[in-house]
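S.K.: One structure, pasted below without further comment.
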Amino acid sequence: MIFIFVTVLIDILAFGLIIPVLPHLVEEFAGGDTGTAVMWVGLFGMVFSAVQFVFSPIQGALSDRFGRRPVILISCFGLGVDFIFMALANTLPWLFVGRVISGITAASFSIANAYIADVVAPADRARSYGMLGAAFGLGFIIGPVAGGLLGDIDLRAPFWAASALALANFLYGYFVLPESLPPERRSPKFDWAHANPVGSVLMIRRYPQVFGLAAVILLDNLAHYVFPTVFVLFAAYRYDWGTKEVGYVLALVGICTALVQAGLTGRIVKAIGERRALLVGQACGLAGFLVYAFAPTGAWFLAGIPVMAFWGLANPAVQALATARVGPDEQGRLQGAFMSLGSLSGVFAPMIFATVFASAINPALGVDFPGAPFLLSALIVAVAGWVSHRSTRPG
């Protein structure tokens, strides 16, 4: 757990560095027009997710056949090289190519989930997945703040720093990270039937309860895409927050997330069970998105962050419920399938949220409701909560 925690932490630090600046870099290439920029950001997100939808199950199947470690190492090295490529990009099309490469190489998160399933007993997995969520939180405490400060100096500086972190992660993994899947527990062959996205999702159908949980993964990921798609430009438009302010806000998100994931998830799951933790998490996600949608000031928006942090109970509970129902030689494919579903939602979500946001601030339409994308996410989480309740009922 310590090894994989550090691996994920360094990776999320790298991604966190570029979050406050990537939309503004796109905006700069788009001539400073926010509406045009958000549509490009939506297109970037859509293509990134489409590429992940195709490649995630391949990476998961490769990790089942050859082990988790080599797939993680390739992912870290590829991301390091790609961040250099994006730092040097001087047009939107070249930046677009960089996002495609990121989608191909970003496998470490799903493989980390499979890694946990390899080394942690089913009864303790919710707590361990919570610790993995805490790594995300810690990464968001430091990464966006550093990215915002570096971006204030030069919009490309965070990309260079992200590259250094990703390549450092490769070296860390090469010299320190042990293999979690011994040869005797690996899949006997690389199976193309399960390595394609359709085959990997169909694999889930063999487990009826897992299939319901997969729908929850799809919906929650769909709702979550509002953040990478519109948050930075929303914050600038609604509250006049720059890269530094966005970095500080994301750091607060990271602190709250880390406190919930590392300090509370294991205790809450132990006290009320995985099913109830899942339902409580969905209720908090719904409440948080409603606060974000209607917050009249930045202070009100900040008040929603601690509430939204408890949405983080949902994913560890889903992962614990699902991995307990799948054999050790299919954990990588399960995580690849889950990541494919998340990516599938990302094929549609960025353009949906971008279009909703652009329309909601378009003077020609006579409306000015920048919180509209968050209201849409609230509705999606409400459906996810209903599916969570239906798919986890006893009997």
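Just so you know, all these numbers are worked out from the coordinates, no wet-lab data involved. Predicted model, so just to flag it, every value in this text is computed and none were measured. So basically every Cβ, Gly included, is an ideal-geometry build from the backbone, and we count neighbours across all protein chains shown.
S.K.: Under the definition of Cα pairs under 8 Å and six or more residues apart, what whole-number percent is the relative contact order of segment 1-144? Provide the component values of the computation, followed by the final result.
M.R.: Values: 127 pairs, mean separation 61.8, N = 144.
Relative contact order for segment 1-144 comes out at 43 percent.
S.K.: Now a separate question. Based on the Cβ-Cβ distance of I272 and L379, what FRET efficiency does E = 1/(1 + (r/R0)^6) give at R0 = 25 Å, to the nearest 0.05?
M.R.: Values: r = 26 Å, r/R0 = 1.04.
That pair, I272 with L379, gives E of 0.45.
S.K.: Pick out the long, greasy-scoring helices in the chain: whole DSSP H runs spanning 30 Å or more along their own axis by Cα, mean Kyte-Doolittle at least -0.5. Kindly include the intermediate steps, with their values, before the conclusion.
M.R.: Values: long enough: 34-66 (46 Å, 1.01); 68-88 (31 Å, 1.53); 125-153 (42 Å, 0.97); 265-294 (34 Å, 0.85); 331-360 (42 Å, 0.99).
Counting only whole DSSP H runs, the qualifying helices are 34-66, 68-88, 125-153, 265-294, 331-360.
S.K.: With r as the distance between the Cβ atoms of M1 and T91 and R0 = 41 Å, compute the FRET efficiency 1/(1 + (r/R0)^6) and round to 0.05.
M.R.: 0.45
S.K.: By how many nm would the segment from T36 to F211 grow when fully extended, if each residue of separation counts as 0.36 nm and the alpha-carbon distance is taken off? Before the final figure, lay out each step's value.
M.R.: Details: separation 175, 0.36 × 175 = 63.00 nm, distance 3.80 nm.
Value of the extension gain: 59.2 nm.
S.K.: Pairs of Cα atoms under 8 Å, at least six residues apart: use those to get the relative contact order of the chain, whole percent. Intermediate results must be reported in sequence, preceding the final value.
M.R.: Numbers: 717 pairs, mean separation 119.3, N = 395.
For the chain, the relative contact order is 30 percent.
S.K.: Here is a further query. In square nanometres and to one decimal, what's the mean projected area of the convex hull around the Cα atoms of the chain? Let's see the in-between values first.
M.R.: Working: hull surface 69.8 nm².
So the mean shadow area of the Cα hull is 17.4 nm².
S.K.: If you don't mind, there's one more thing I want to ask. Please list the equivalent ellipsoid semi-axes of segment 15-107, computed as the square roots of five times the alpha-carbon gyration tensor eigenvalues, in descending order and whole angstrom.
M.R.: Details: eigenvalues 160, 36, 17 Å².
Equivalent-ellipsoid dimensions as semi-axes: 28, 13, 9 Å.
S.K.: Sticking with this one: What distance in nm separates the simple spin-label points at A121 and T297, each placed 7 Å from Cα in the Cβ direction?
M.R.: In this crude spin-label approximation the distance works out to 5.2 nm.
S.K.: A further question on this structure: Describe numerically, in nm with one decimal, the distance between label points set 7 Å from Cα along Cα→Cβ at F348 and at V100.
M.R.: 2.4
S.K.: If you don't mind, another one. Taking 7 Å along the Cα-to-C-beta vector as the label spot, tell me the W160-A324 distance in nanometres, rounded to one decimal.
M.R.: 5.0
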